[in-house]
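Here is the structure we will look at, set down as structure tokens.
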Amino acid sequence: MILPFPSRYPADETECRIPDAAAARALVGAAAAPVEALLARRRAEWAALPAGGDEALLARTEDAVRLGHARLAFRHGNLGNDFHAYHNEGHVLEICGGRIDRLRDTLGLAALGLRDWCALMLFGACHDLRQREAPNLVDGIGANERASIDEALRILDACGFSRDRDADLYAALELMIAGSTFDARPVPGGYQYNAADLVQSGGALASRLHQVLDRRSPGWRHDPLIVAAQRLALVAADLDTANVAEPFGRFASTAENLCREREMLSGRSLAAGESALPVLGFLTDGQDRFFFELHRFQSDAGMAAFGPGKEANAPKLKALCMGVRARIAMQGAPQTGNQVIEAYRATLADLTV
């Protein structure tokens with residue numbers, strides 16, 4: 001481990017139930033069709049890379065993605081009993097599919113080596129494995145992220161990776177997941193959005209990960225393996241938050257799903273009055289703050305791939321937030337969170353006609 005945290009997170013019931021890729025295949029069954037199609041497409045694309053014939057690396061990566069996808073599907077997805085509206089197996093497909101596609105299309109397949117592309121796929125499948133850990137930040141890294149790191153490295157072990165031979169992938173996965181911790185605390189002074197300069201304050205830890213490494217692993221800058229892992233962590237953070245650059249209707253849907261998940265985790269029913277104001281705040285001021293103040297691109301690659309999409313979405317988000325506020329003002333104070341979501345959807349429909 002690069003980051004020697006004092007506490008570790010052991011396997012839970014889901015990990016014990018799905019110990020390896022074979023168990024994942026058996027349990028997920030037909031529901032694995034989307035991830036299997038994606039893995040087949042990736043294998044065909046990567047054949048053009050200089051190391052594209054590394055069958056052992058490809059097979060291990062595919063098994064690790066299968067295993068991460070399956071565990072999330074059963075732990076917090078459509079195959080389990082603790083459904084999270086955003087952090088489920090669909091998020092794995094978002095990152096491992098369309099977002100990596102956008103990165104590839106922008107940079108070119110040859111811009112990264114096979115092992116780097118594999119590392120990004122591993123990140124997509126493993127960075128949100130754990131979502132129920134008690135909040136506990138250590139050097140800015142969340143408990144869910146630290147638990148996901150521990151499980152992700154055990155996934156590599158279970159799929160035939162070697163901590164010696166594949167030390168680069170273990171390091172990359174550890175730092176990518178750590179860097180994906182998102183800090184939503186306000187930044188003093190805020191940020192004035194400029195469409196020509198999409199670099200904001202706050203957000204993912206990846207931009208400050210070098211400071212954590214300075215404290216936890218002095219001398220890391222002289223280790224090429226860790227330097228490369230830290231650079232990949234910047235790209236991974238951009239993949240994780242690239243919902244800001246999705247087609248606007250999809251971006252708006254991710255906001256709704258995050259809102260639903262937050263209310264569920266807070267123990268508030270969307271059908272009850274207690275959820276009305278929190279939902280209204282999240283879908284208006286909260287989205288405005290996330291988009292314009294907290295979110296930032298961490299890497300040149302992320303900026304190139306996703307910056308134009310975010311810039312195109314900026315005026316649309318402003319219009320959506322203003323429209324929701326105006327609709328609610330006309331209707332009167334909302335009675336439930338569901339009522340706010342209905343107003344949100346209606347406003348979005350008006351904007352996307």
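Count, please, the residues in the range 167-187 that happen to be surrounded by 17 or more Cβ atoms within 10 Å (Cβ to Cβ), in contact with a Leu (Cβ under 8 Å, 6 or more places away or on another chain) and in contact (Cβ under 8 Å) with a residue 40 or more places away in the chain. The number of residues fulfilling the criteria is 13. The residues listed here are A333, A329; of these, the one that is over 30 Å from T106 (Cβ atoms), outside any helix (DSSP H, G or I), open to solvent by 50 Å² or more (accessible area, probe 1.4 Å) and outside the structural domain of A111 (by the TED database) is A333. Here M1 clears all of (1) open to solvent by 40 Å² or more (accessible area, probe 1.4 Å); (2) outside the structural domain of R115 (by the TED database); (3) modelled with pLDDT of 95 or more except the condition numbered (3).
Counting only helices (runs of 4 or more DSSP H) that fall entirely inside the range 59-127 and contain at least 3 residues that are of a type outside the set (G, A, S) and within 30 Å of E263 (Cβ to Cβ), the qualifying elements are 89-94.
The C-beta contact set for the range 91-113 (first residue at pLDDT 95 or above, second residue open to solvent by 40 Å² or more (accessible area, probe 1.4 Å) and among the hydrophobic types (A, V, I, L, M, F, W, C), distance under 6 angstrom, 6+ apart or interchain) comprises T106/A304. Residues in the range 207-238 that are surrounded by fewer than 19 Cβ atoms within 10 Å (Cβ to Cβ) and within 21 Å of the chain's Cα centre (by Cα) were compared, and the one that is farthest from T347 (Cα to Cα) is A228.
In this structure, does T241 turn out to be at pLDDT 95 or above, β-branched (V, I, T), surrounded by 16 or more Cβ atoms within 10 Å (Cβ to Cβ) and touching a strand residue (DSSP E or B) at 6+ places or on another chain (Cβ under 8 Å)? Considered against the rule, which asks whether it is at pLDDT 95 or above, β-branched (V, I, T), surrounded by 16 or more Cβ atoms within 10 Å (Cβ to Cβ) and touching a strand residue (DSSP E or B) at 6+ places or on another chain (Cβ under 8 Å), T241 comes out as yes. Restricting attention to the range 78-106, the residues being open to solvent by less than 20 Å² (accessible area, probe 1.4 Å) and farther than 21 Å from A255 by Cβ number 3.
The values are calculated or read from the model by the stated rules, or taken from the named source; none is laboratory data. Computed from a prediction, not measured in an experiment: that's the story for all the values here. When we count neighbours, we look across all protein chains shown, and the Cβ atoms used for this are built from the backbone with ideal geometry, even at glycine. Just the protein is used for accessible areas: all its heavy atoms, side chains included, with ligands, DNA and RNA removed. Shrake-Rupley method; radii C 1.70, N 1.55, O 1.52, S 1.80 Å.
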